[in-house]
Amino acid sequence: MKVQLLRHTADAERLCGAAALTTTKSGTPSEIFAKIDPDTAKEVIKRVTGYGHGSVIEHASFTFSIEGVSRAMTHQLVRHRIASYTQQSQRYVRYDTLKNYVTPRSITRDADAKKEFDETLKKISETYQNLLQKGIPKEDARFILPNAAKTNIMVTMNARELRHFFNVRCCARAQWEMREAATEMLRQVKKAAPALFGNVGPTCVELGYCSEGKMKPQDCDIAEIKKKFQAL
C-alpha cells in the first residue's frame, strides 16, 4: 500500500480562518483573507472547530493517491459520500499474477492458509486469462475476480469530511487496511495543515470517548491509542 497527499488547497488554514471570521466581522471575505495572518488563522480554527462549527473548514480540500489496496477496502472507502473518487477500472486493467492481489497478514502468518489462498488466486488468475483468450471481454471476465484484487484510487475530501473520516476509520475496530490508509492520510495532512488536523484521530482521541460502545475491542487501550495519534 502507498498513500500520497498529491495536492491540497493553498493557504488552507488562512482560507478557513478567514471563512470563520467572515461570520462575525463586517469586512468582506476578500478583505479578511488579505489581512489575516497564519498564526491568527490557526487560533481561529482551533477555537471555532472546538465549538463544533465545522462548516468553515469545508473550504479546504485534500487529494490523495491510494495505491495497491484491495477492492474490499475501496468498497468501504466509497461509502464516504461527501468526497470525489476516481478508481482504476477493471474493464481495462488485466489481472494475471499473484502480485495483483492483497494478502491479509492473518493469512500470511498461517502457512496452510497462505498456501490455500495462493492456490485459489492462482486458479482464479488462470481462469480469468482463459476467459480472455476465449474472447470474453475484460468487463465480463472480471466477474470472477475476488475482493483481494488490487486497485488504485484518487480521493478528494474537504477538511470537515476528512475529520469525520478519521474519527471512524482510524478506530481500532476499522478494517485493518482501511485503518492503515486512514492513519497515513492523517499523518500527511497533519504536516500540511496542523491547525485543521492537530487534535484529530479516532473518536476516543478527538472527543474523549469510544463511540463503539459494546463493540469496543477488549484489547483496545485508549491511553495507548491517544499516545499513538498525538505522536503522528
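The values are calculated or read from the model by the stated rules, or taken from the named source; none is laboratory data. These numbers come from a predicted model, not from an experiment. Virtual Cβ from ideal backbone geometry, glycine too; neighbours counted across all protein chains shown.
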Pair list, Cβ < 8 Å and 6+ apart or interchain, from the range 63-74 residues that are of a type in the set (S, T, N, Q) to residues that are outside any strand (DSSP E or B) = S70/V102; S70/N147; S70/A148; S70/E177
query = Does D11 count as closer than 24 Å to S84 by Cα and surrounded by fewer than 21 Cβ atoms within 10 Å (Cβ to Cβ)?
reply = yes
task = Say whether the condition of being free of Cβ contacts under 8 Å to residues at least 24 places away in the same chain, under 30 Å from G17 (Cβ atoms) and not aliphatic (A, V, I, L, M) is met by at least one residue in the range 171-191.
result = yes
query = Which members of the range 108-135 meet the condition of being exposed (fewer than 13 other Cβ atoms within 10 Å of the Cβ) and of a type in the set (A, V, I, L, M, F, W, C)?
reply = A111
query = at pLDDT 95 or above, hydrophobic (A, V, I, L, M, F, W, C), touching a strand residue (DSSP E or B) at 6+ places or on another chain (Cβ under 6 Å) and not assigned by TED's automatic domain parsing to the domain that holds A174: does that describe V155?
reply = no
query = Going through the range 136-155 one residue at a time, which ones are surrounded by 17 or more Cβ atoms within 10 Å (Cβ to Cβ) and under 12 Å from the mean Cα position of the chain (by Cα)?
reply = I153, V155
inquiry  = I'd like the full set of residues that are part of a helix (DSSP H, G or I), acidic (D, E) and surrounded by 14 or more Cβ atoms within 10 Å (Cβ to Cβ), limited to the range 173-232.
reply    = E177, E180, E184, E206
remark   = Inside the range 151-172, the number of residues satisfying the requirement of being part of a loop (DSSP other than H, G, I, E, B) and either farther than 22 Å from Y85 by Cα or touching a Cys at 6+ places or on another chain (Cβ under 9 Å) (or both) is 2
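Yes/no matrix, rows are residues, columns are (1) of a type in the set (V, I, T); (2) out of contact with any Ser or Thr (no Cβ under 8 Å at 6 or more places or on another chain); (3) part of a helix (DSSP H, G or I):
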position	(1), (2), (3)
T86	yes, yes, no
D96	no, no, no
S106	no, yes, yes
D112	no, yes, yes
K115	no, yes, yes
L121	no, yes, yes
S125	no, no, yes
query = Somewhere in the range 16-31, is a residue in contact with a Ser or Thr (Cβ under 9 Å, 6 or more places away or on another chain) and closer than 22 Å to M178 by Cα?
reply = no
task = Go through the range 14-55 and count every residue that is under 30 Å from M73 (Cα atoms) and crowded, with 19+ Cβ neighbours inside 10 Å.
result = 1
